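The values are calculated or read from the model by the stated rules, or taken from the named source; none is laboratory data. Nothing here was measured: the structure is a model prediction, and the numbers come from that model. Cβ: placed from backbone, ideal geometry, glycine included. Neighbour counts: every protein chain shown. Side chains included, ligands, DNA and RNA excluded: accessible areas come from the protein's heavy atoms. Shrake-Rupley method; radii C 1.70, N 1.55, O 1.52, S 1.80 Å.
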Amino acid sequence: MGGSDLGTGFEFNGPNALLTVYDKTGIAEFAGGLVDEGFNVYSSGGTAKAIREAGVPVQETNILTGGDAILGHRVVTLSREISAGILANKNSKDDMAEMRDIRIPLIDLVCVDMYPLEQAIADPSLSRQEIIEKIDVGGPTLLTEAAKGDRIVLSVAEQRQLVLDWLAAGKPDEEAFLHQLAADASYEVARYRAIEAAWRNGEDVVALVARKHAPTKYGENPQQAPAAFYADSRVDPDPLGLDQFVHVKGWELSFVNETDIDRLTQTVTHVAAGFERNFGSVPAIAVGVKHGNACGAGVAETQVEAVQKMLEGDELAIYGGVVMLNGIIDEETATVLMRHNIAQEDPNRMLDGVVAAGASEEAVEILSRAKLRVVVNPALGELSEASLDHAPRVRPVRGGGALVQPNYTFVQDLSAENMQHYGETTNQQKEDMILAWAVGSTSNSNTITIVKDGKLLGNGVGQQDRVGAAKLALTRAADRDNDVHGAVAYSDSFFPYADGPQVLVDAGISAVLTSSGSVKDPEVIDAFTSGGVTVSMVPDKAGRGFFGH
């Protein structure tokens with residue numbers, strides 16, 4: 001294309017680059033790097049101004065389009081000339097001949113990032129029309145054209161140095177490099193359009209666009225490979241989002257580790273929310289899970305005591321489990337995790353990982369001797385009711401579809417007007433009810449959960465009937481020599497008959513938190529109260545705790 005000038009007197013020798021970005025940080029340096037590589041740089045508006053003020057040669061895009069920006073700068077780069085320059089097939093003699101005839105130069109590189117639409121959508125001060133005005137049209141169009149045209153296309157700022165290094169190295173593996181850049185650009189456009197679509201009709205459209213955040217060696221089983229964790233939360237990220245947890249020590253996180261952390265976060269935040277709602281403060285919390293369900297949980301004034309309670313609940317089930325704390329692991333806590341109730345001659349407790357708000361160097365050293373994965377997130381140290389996850393829960397199903405539902409954000413309030421209480425409960429029983437509720441309502445239903453003195457004694461999860469769930473919870477407690485006499489039980493839904501309550505009464509349970517809604521409620525209440533058990537009931541439609549189907 002050398003020598004074509006569109007009648008402007010400007011020479012188009014060498015490769016041409018089109019730069020138009022929202023984030024101007026570093027764009028002048030990138031433009032300068034392109035000039036050093038022999039590129040002619042074209043831009044407009046604020047991008048051109050930033051480049052020019054840095055002393056880097058830049059030409060306005062109106063040289064290419066033959067006209068200035070119009071409609072209040074809404075139409076700048078969208079033109080036949082720029083589209084042709086990007087889409088022309090360099091390997092087609094016909095395309096090249098036509099481009100010479102119409103005197104339009106090739107555009108070899110396109111660098112675009114789009115206006116962050118999420119910021120506008122999240123801004124309550126903006127009207128619908130103001131948000132529409134901020135929807136980027138030119139950016140997605142240019143990126144799509146550049147990807148299709150097999151150009152050097154940059155869609156995020158992080159690619160700029162990568163591209164400069166690649167150019168300086170002589171364009172190694174050019175086809176694969178351009179293909180990856182095109183994939184990235186297509187992803188950015190898809191993500192942008194999905195966000196817009198979800199905003200326009202959130203009930204009918206769900207944006208499920210994400211990219212690989214961290215690989216996992218395999219999925220739930222070794223034969224399920226490859227597998228990975230995908231995420232993309234750039235604007236106002238959830239501080240407790242899985243992508244905000246930092247792996248600081250130990251083997252790489254597995255697929256099951258990631259799912260366990262997700263489930264642990266649900267349970268721990270519900271514990272915090274329940275205690276803040278009912279008692280005005282959040283205690284030290286320790287929860288251990290196996291296969292997503294809590295097999296140990298403890299609340300106390302100190303972190304060490306909470307960890308001890310968590311470990312004592314089911315020392316067999318916690319073997320190979322993952323533990324989450326809402327505090328910083330120090331040397332004492334790490335030692336308790338490894339050695340509490342372990343005979344001196346026995347090796348350290350076998351755990352798969354520990355997740356906490358932070359970890360001291362001494363703690364990491366202690367935990368690393370046992371090859372534990374250590375994961376931290378400072379947000380765990382600031383838990384409150386506001387920490388609950390309000391993002392929709394999405395479950396892929398066969399055929400490429402998904403089931404979508406609002407998240408489980410119910411917080412049990414024992415003083416709520418819709419609660420029915422039969423008998424008086426002590427403050428300790430109330431605290432145990434809240435811990436049992438938080439654990440049971442975030443475990444696979446059907447669930448009966450037993451707690452005593454801030455310690456989980458037995459969690460009967462995933463049963464098809466409530467009698468079986470009660471028996472399982474009691475069995476798990478008995479097998480660990482945990483005395484359930486005087487303990488509190490939680491049921492994640494109503495008892496359809498009096499048989500389940502009788503199992504708990506016979507075991508010596510002192511108080512029960514459950515839901516109402518069965519035609520047999522009078523018989524259920526009578527079975528409890530006649531056995532000396534106090535009962536607190538929330539309407540099933542308001543407080544049912546089914547989870548993890």
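Odds and ends about this structure:
- Of the helices (runs of 4 or more DSSP H) lying entirely inside segment 72-146, those containing at least 3 residues that are out of contact with any Leu (no Cβ under 6 Å at 6 or more places or on another chain), without any contact (Cβ under 8 Å) to a residue 60 or more places away in the chain and among the acidic types (Asp, Glu) are 93-102.
- Residue list for segment 123-140, restricted to those being open to solvent by less than 70 Å² (accessible area, probe 1.4 Å) and either among the charged types (D, E, K, R) or out of contact with any helix residue (DSSP H, G or I) (no Cβ under 7 Å at 6 or more places or on another chain) (or both): 123, 127, 132, 136, 138, 139
Quick grid of which residues meet (1) surrounded by fewer than 22 Cβ atoms within 10 Å (Cβ to Cβ); (2) in contact (Cβ under 8 Å) with a residue 40 or more places away in the chain; (3) not in a loop (DSSP other than H, G, I, E, B):
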position: 294; (1), (2), (3): no, yes, yes
position: 305; (1), (2), (3): yes, no, yes
position: 312; (1), (2), (3): yes, yes, yes
position: 316; (1), (2), (3): yes, yes, no
position: 320; (1), (2), (3): yes, no, no
position: 335; (1), (2), (3): yes, no, yes
position: 341; (1), (2), (3): yes, no, no
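- Scope segment 518-541; condition closer than 21 Å to residue 463 by Cα and part of a loop (DSSP other than H, G, I, E, B); matching residues: 518, 520
- Segment 361-388 - residue that is within 25 Å of residue 319 (Cβ to Cβ) and in a loop (DSSP other than H, G, I, E, B) and, of those, most open to solvent (accessible area, probe 1.4 Å): 371
- For residue 154, the requirement of being within 29 Å of the chain's Cα centre (by Cα), open to solvent by less than 80 Å² (accessible area, probe 1.4 Å) and modelled with pLDDT of 95 or more is met.
- Among (1) at pLDDT 95 or above; (2) open to solvent by 30 Å² or more (accessible area, probe 1.4 Å); (3) under 19 Å from residue 174 (Cβ atoms), the one test that residue 144 misses: (3)
- Evaluated against (1) modelled with pLDDT of 95 or more; (2) open to solvent by 30 Å² or more (accessible area, probe 1.4 Å); (3) part of a loop (DSSP other than H, G, I, E, B); (4) more than 16 Å from residue 533 (Cβ to Cβ), residue 464 falls short on exactly one condition, (1).
Listed here are the residues, each with its yes/no results for (1) hydrophobic (A, V, I, L, M, F, W, C); (2) more than 24 Å from residue 163 (Cβ to Cβ); (3) open to solvent by 50 Å² or more (accessible area, probe 1.4 Å).
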| residue | (1), (2), (3) |
| --- | --- |
| 177 | yes, no, no |
| 185 | yes, no, no |
| 216 | no, yes, no |
| 229 | yes, yes, no |
| 257 | no, yes, no |
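- Condition met for residue 235 (more than 30 Å from residue 458 (Cβ to Cβ) and either in contact (Cβ under 8 Å) with a residue 60 or more places away in the chain or in contact with a Leu (Cβ under 7 Å, 6 or more places away or on another chain) (or both)): yes
- Taken over segment 468-517, the criterion of being among the β-branched types (Val, Ile, Thr), in a helix (DSSP H, G or I) and buried (at least 18 other Cβ atoms within 10 Å of the Cβ) is satisfied by 503, 505.
- For segment 409-426, the criterion of being open to solvent by less than 30 Å² (accessible area, probe 1.4 Å), in contact (Cβ under 8 Å) with a residue 60 or more places away in the chain and within 17 Å of residue 286 (Cα to Cα) is met by none of the residues.
Residues are listed down the side, and each one gets a yes or a no for (1) on the phi < 0 side of the Ramachandran plot; (2) small (Gly, Ala, Ser); (3) modelled with pLDDT under 85; (4) surrounded by 14 or more Cβ atoms within 10 Å (Cβ to Cβ):
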residue	(1), (2), (3), (4)
69	yes, yes, yes, yes
81	yes, no, yes, yes
89	yes, no, no, no
105	yes, no, no, yes
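- So residue 456, is it under 29 Å from the mean Cα position of the chain (by Cα), surrounded by 17 or more Cβ atoms within 10 Å (Cβ to Cβ) and aliphatic (A, V, I, L, M): yes
- Close contacts from segment 476-490, counting a first residue that is over 19 Å from residue 501 (Cβ atoms) and a second that is among the aliphatic types (A, V, I, L, M) and not in a loop (DSSP other than H, G, I, E, B), with Cβ to Cβ under 6 Å and a gap of 6+ residues or different chains, come to 482/457.
- Within segment 187-223, the set of residues being touching a residue at least 24 places away in the same chain (Cβ under 8 Å) and more than 22 Å from the chain's Cα centre (by Cα) is empty.
- Just one residue in the set 517, 531 is under 24 Å from residue 427 (Cβ atoms) and without any contact (Cβ under 8 Å) to a residue 40 or more places away in the chain; that residue is 531.
- Among the criteria (1) touching a Leu at 6+ places or on another chain (Cβ under 8 Å); (2) open to solvent by 10 Å² or more (accessible area, probe 1.4 Å); (3) in contact (Cβ under 8 Å) with a residue 24 or more places away in the chain; (4) outside any loop (DSSP other than H, G, I, E, B), the one residue 395 does not fulfil is (3).
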